[in-house]
Amino acid sequence: MDVRDLQRENIKTLRPYSTARDEFKGQASVYLDANENSFGSPLPANYNRYPDPLQLDLKEAISKIKGVPIENTFLGNGSDEAIDLLFRAFCNPGKDNVIILPPTYGMYEVSANINDVAIKKVNLLPNFQLDLEKIAEAIDSNTKIIFICSPNNPTGNSLNRSDIETILANFNGLVVIDEAYINFARQKTFIQELTEYANLVVLQTFSKAWGLAALRLGMAFSSTPIIDILNKVKPPYNINQATQDLAFAALQNIQQVNDWIKLTVSERDRLSNALGRLPKVKQVYPSDANFILVAIENAHEVYNQLVDEGIIVRDRSKVTLCEDCLRITIGTVEENNLLLNTLDQLS
Ligand SMILES: *Cc1c(COP(=O)(O)O)cnc(C)c1O
């Protein structure tokens, strides 16, 4: 399979926008080519120049941590932008379809709807693992992408590695593995498999473990043909200079992030055990993420009672396979204690 054959015909023949920075790449002392403000910015730092469209300095720093070459790395305005670009580059509206595996992250469906791309839903099994037989049945000649979220949102579990490998080896379209929560998981990343499968796209993000949700920075790792296609389709300056600078600085502070990951995981264990002891709690699902899915009697009512106490969790009680469930993000030690005390006192 040549993954380039998967792209839309109009993308294959597209001539991308050529920026001033693309046309002249060397060093010069006077830049009069991009209609910027030559005097500066009304800020302590200068933002008057357009940012690097390919974010090479930032990618270099990410590459040192992830071990993925720059040419296999795409950066998006959140992973949500990468998801949208995959639809726009590979899925013909009104013709192609993608497979999603509910209960899962909501953006795959929203992005498909925006792009007028049909969705086939194959529910996870009751143990929240992949239903390989039904997935195989759902695939047809117009199926372009299968979205696999692992660890999965909102269930929290990792999907079995061998099941994912079965799909990677047998599906002739793109397999997107969304690893937004991989830093909290016992299972290892699929990044190592990139050299094995040209149709694999691994999504990661700075929004969760890295504590930079407001900067909007997501990563897609894949084979060079797919990265080249994403770069061709993306808005030229999709990652702004402030985000590039701040993310670069954050990457020098990995020890802080690793400490928070350890604390999150230990709080996840403590919170899981304590929730399991509450009489109203029917089930605490095992989590590989920074949140816990909890089945609780009258979940919707409990949600409202928590809101009244100023504590907001995610009501997932109407979601397929998550009936009567709340999704609870791991907070600080104090926040988790407050949650536990409040739940304990609810009638
Ligand atoms: C939070 C989350 C993301 C992150 O999206 P960003 O656009 O990078 O903030 C991606 N996938 C899943 C499953 C998530 O839960």
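The values are calculated or read from the model by the stated rules, or taken from the named source; none is laboratory data. Treat the numbers as computed from the prediction; the structure is a model and nothing was measured. Methodologically, a virtual Cβ is constructed for each residue, glycine included, from the backbone with ideal geometry; neighbour enumeration extends over all protein chains shown. Areas reflect the complete protein model, heavy atoms only, side chains present, ligands, DNA and RNA absent. Shrake-Rupley method; radii C 1.70, N 1.55, O 1.52, S 1.80 Å.
Descriptive notes on the structure:
- GLN256, sole failed condition from (1) in a helix (DSSP H, G or I); (2) touching a Phe, Trp or Tyr at 6+ places or on another chain (Cβ under 8 Å); (3) open to solvent by 60 Å² or more (accessible area, probe 1.4 Å); (4) not charged (D, E, K, R): (2)
- Only one of the listed residues (ALA82, ALA112) is away from the ligand (no atom under 11 Å from the Cβ) and open to solvent by less than 40 Å² (accessible area, probe 1.4 Å). That residue is ALA112.
- Filtered by the rule that a residue be part of a loop (DSSP other than H, G, I, E, B) and open to solvent by 20 Å² or more (accessible area, probe 1.4 Å), region 312-329 gives ILE312, ARG316, LYS318, VAL319, THR320, LEU321, GLU323, ASP324.
- Selection within region 168-188 - in contact with a Phe, Trp or Tyr (Cβ under 9 Å, 6 or more places away or on another chain) and in a loop (DSSP other than H, G, I, E, B): GLY173, GLU179, ALA180, TYR181
- Residue identified as within 15 Å of the ligand (Cβ to nearest atom) and either open to solvent by 50 Å² or more (accessible area, probe 1.4 Å) or among the aliphatic types (A, V, I, L, M) (or both) among ILE139, ILE145, ILE167: ILE145
Results for (1) outside the structural domain of ASN97 (by TED's automatic domain parsing); (2) surrounded by 12 or more Cβ atoms within 10 Å (Cβ to Cβ); (3) of a type in the set (Val, Ile, Thr); (4) assigned to a loop (DSSP other than H, G, I, E, B), shown as yes or no for each residue.
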{"position": "ILE11", "(1), (2), (3), (4)": "no, yes, yes, no"}
{"position": "ARG15", "(1), (2), (3), (4)": "no, no, no, yes"}
{"position": "SER18", "(1), (2), (3), (4)": "no, no, no, yes"}
{"position": "TYR31", "(1), (2), (3), (4)": "no, yes, no, yes"}
{"position": "ALA34", "(1), (2), (3), (4)": "no, yes, no, yes"}
{"position": "ASN37", "(1), (2), (3), (4)": "no, no, no, yes"}
{"position": "SER41", "(1), (2), (3), (4)": "no, yes, no, yes"}
{"position": "PRO44", "(1), (2), (3), (4)": "no, no, no, yes"}
{"position": "TYR47", "(1), (2), (3), (4)": "no, yes, no, yes"}
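- Scope region 307-330; condition without any contact (Cβ under 8 Å) to a residue 40 or more places away in the chain and not basic (Lys, Arg); matching residues: VAL307, ASP308, GLU309, GLY310, ILE311, ILE312, VAL313, ASP315, SER317, GLU323, LEU326, THR329
- Sole residue being open to solvent by less than 20 Å² (accessible area, probe 1.4 Å) and out of contact with any Lys or Arg (no Cβ under 7 Å at 6 or more places or on another chain), chosen from ASN123, ASN127, ASN97, ASN152: ASN152
- Where a residue in region 7-23 is without any contact (Cβ under 8 Å) to a residue 60 or more places away in the chain and its partner, wherever it lies, is open to solvent by 70 Å² or more (accessible area, probe 1.4 Å), with Cβ under 8 Å and at least six apart: LYS12/ARG4; ALA20/TYR50; ARG21/TYR50
- Total residues in region 210-234, condition open to solvent by less than 10 Å² (accessible area, probe 1.4 Å), within 13 Å of the ligand (Cβ to nearest atom) and either of a type in the set (Gly, Ala, Ser) or without any contact (Cβ under 8 Å) to a residue 12 or more places away in the chain (or both): 2
- Any chance ILE62 is out of contact with any strand residue (DSSP E or B) (no Cβ under 6 Å at 6 or more places or on another chain) and within 16 Å of the ligand (Cβ to nearest atom): yes
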